[in-house]
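See structure below.
Just so you know, all these numbers are worked out from the coordinates, no wet-lab data involved. Note that the structure is a prediction, hence the values are computed from the model and not measured. Cβ coordinates were reconstructed from backbone atoms using ideal geometry, including for glycine residues, and neighbour counts include every protein chain displayed.
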C-alpha cells in the first residue's frame, strides 16, 4: 500500500495557492482549480465526474440587499402607515427572492469515487477549494452579523404598531430605528465591497491537498464492498452552496459517513467540530465525532471539541439531511475572549471563534502552512477511512 507523502501534498498546495492563486467561486481561478483536481482524481484511477451548479454571488447579493432595504426604510419617513407596512412586506419578499431574481454564476463539485458505486455502505472525504474575498474588518462583519436580523424584526414590529395606530410620534421612532439600521446597511455594503481575494492556502487549499494525497493512497487499496468518495466542494464561501447542491442531488448514499476537512495546515491544536451556530444550532454526530477523536489520538494529537458559534462548515448540509458528518480542523489555541463570552452567555461550553489571524486575507499563503500538520492530517484521514471501511484492507483477499 502506498504511503501518504506530505511533500506531494505541498506540491498541490503551491499549485492551488500560488500558481492558480485566488479562487473566488465562479471565476477563472475557480474553474482552473476544479480542472486541476479533476485531473488528479483521474490520474489516481478514481471514477470522476463534475457536478455543475449555479449560484448568486454573495457579495453582490449583500450590496443589493443593503440598497433596497435602506431605500425602503428612508421612504417610511414620508409614507402613510398602511402603505409603509405593505411596501416593507413586498421588500422583504423581494429580498428573500434574490436567489431566484439575480444573475447567476457557475461553479462545480468534483467527485471521485472508489469501490462499488451502488453500495449502501460508504465514507466520503470532502474539502472546499474556493477562496474568499478579503475581509474588510472582522469587527464590522460581527456587527452586521449580530444586528441585521434583530433590526429587521424591530422595524417590522414598529411598522405594524404604527399601522394599527399604536405608535405615535413616528419621526422620533423612525430616527431611533435609523440610528441602528442605517449603519447596518452601510456596514453590509462596505463589508461586501472588497475586490481583493485571498489566495486561501489554509482556507482551504490545505484541506484539499490532504484529500488529494489521501485519495492517491486509498486508490492503491480500494474498498471491496463499499464506496469511498472524495469530493472537492465548490462555492463554500458563498454559503455552503456546493455542499447543499451535493446533498440535494443525493449523489452520496444516505448512510455515508462524511469527514470534511477545513483549515488543517496552520496552528497547533487539532479540533473536532461538535456543532455550529448560536441561535440556530446544528450538532454533529456524537458517535462519528468520537470515532474521529480516536483517529486523531492515534496519530499523536490531542483533539479538542469545538462548538463553532460563528463559522459555517460544509458538513452542515449533510447534518440537515440527517446524515452523519463532521469536520476536522487544526487551529490556533490562542486566548479567545469572544468565544469565551459566547460560551458563558449562551451555555455553549466549547464555543470558539477562529484563531487563525490570516483567514480571508492576502496573508493566507503557503509559507504559513506547516508540513507536519499536512502529514498528521493525512494520517488522521487514512485512519478514519480504515475505521469506517475496514474491508478496504481485504480487497486483495488477504487479512
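To two decimal places, what compactness ratio does the range 1-115 give when its Cα radius of gyration is scaled by 2.2 N^0.38 Å?
Working: Rg = 22.4 Å, N = 115, 2.2 N^0.38 = 13.4 Å.
Cα Rg divided by the expected 2.2 N^0.38 Å: 1.68.
For the range 114-181, compute the orientation-averaged projected area of the C-alpha convex hull (one quarter of its surface), in nm².
Details: hull surface 40.1 nm².
Spelled out: convex hull of the Cα atoms, projected over all directions, averaged, 10.0 nm².
By per-residue mean of other Cβ atoms within 10 Å, what is the highest-first order of 252-263, 354-365? Intermediate results must be reported in sequence, preceding the final value.
Working: 252-263: 23.1, 354-365: 18.3.
In decreasing order of mean packing, 252-263, 354-365 become 252-263, 354-365.
Considering all alpha-carbon pairs of the chain, what whole percent are spaced by more than 30 angstrom? Intermediate results must be reported in sequence, preceding the final value.
Numbers: 34346 of 79401 pairs.
Here the long-distance tail beyond 30 Å is 43 percent of all Cα pairs in the chain.
Fully extended, how many nm does the chain gain between residue 346 and residue 74 (0.36 nm per residue separation, minus their Cα-Cα distance)? List each step's numbers first, then the result.
Numbers: separation 272, 0.36 × 272 = 97.92 nm, distance 3.47 nm.
So the chain would gain 94.5 nm between residue 346 and residue 74.
Any chance you could give the angle, 0 to 90 degrees and rounded to 10, that helix 28-44 forms with the longest Cα principal axis of the chain?
Computed tilt is about 20 degrees.
Specify the angular offset, from 0 to 90 degrees and rounded to the nearest 10, of the alpha carbon long axis of helix 170-191 from the longest principal axis of the alpha carbons in the chain.
Result, in degrees: 30.
With each pseudo-label sitting 7 Å past Cα toward Cβ, what's the residue 95-residue 3 distance in nm, one decimal?
It is 5.7 nm.
What distance in nm lies between label points placed 7 Å from Cα along the C-beta direction at residue 332 and residue 139?
So the label points at residue 332 and residue 139 sit 1.7 nm apart.
So for each of 338-350, 19-31 I average, over its residues, the number of other beta carbons within 10 Å; can you give me the resulting order with the highest mean first? The partial results should precede the final answer.
Working: 338-350: 14.3, 19-31: 19.9.
Top of the packing list down: 19-31, 338-350.
How much length, in nm to one decimal, is gained on full extension between residue 249 and residue 160, taken as 0.36 nm per residue of separation minus their Cα-Cα distance?
Working: separation 89, 0.36 × 89 = 32.04 nm, distance 4.08 nm.
Extra length from residue 249 to residue 160 when fully extended: 28.0 nm.
What does the helix-only formula give at 222 nm for the chain: each DSSP H stretch with n ≥ 4 adding -39500 (n - 2.57), the total divided by the residues, and the result rounded to the nearest 500 deg cm²/dmol?
-14500 deg cm²/dmol
Based on C-alpha coordinates, I'd like the Rg and Dmax of the range 281-320, in Å.
When restricted to the Cα atoms of the range 281-320, Rg and Dmax are 11.4, 32 Å.
Given Cα pairs under 8 Å that are at least 6 residues apart, what percent is the relative contact order of the chain?
Once divided by the residue count of the chain, the mean separation gives 24 percent.
Averaged over every viewing direction, what's the projected area of the C-alpha convex hull for the range 191-260? Give it in nm², one decimal, please.
Values: hull surface 24.7 nm².
One quarter of the hull surface, i.e. the mean projection, equals 6.2 nm².
In nanometres, what is the gap between the two model label sites at residue 196 and residue 28, each 7 Å from Cα along Cα-to-Cβ?
Going from the residue 196 label point to the residue 28 one covers 2.1 nm.
Please list, short to long, the whole-number percent of alpha-carbon pairs of the range 79-142 in consecutive 5 angstrom bins beginning at zero.
For the range 79-142, the binned pair fractions read 3, 9, 10, 9, 12, 14, 11, 11, 8, 5, 3, 2, 1, 0 percent.
Note the angle between two axes, namely the Cα long axis of helix 138-163 and the longest principal axis of the Cα atoms of the chain, as a number of degrees from 0 to 90, rounded to the nearest 10.
That helix lies at roughly 40 degrees to the long axis.
Quote the convex hull volume per residue of the range 210-346, based on C-alpha atoms, as a whole number of Å³.
Values: hull volume 17.5 nm³, N = 137.
In the range 210-346, the Cα hull volume divided by residue count equals 128 Å³.
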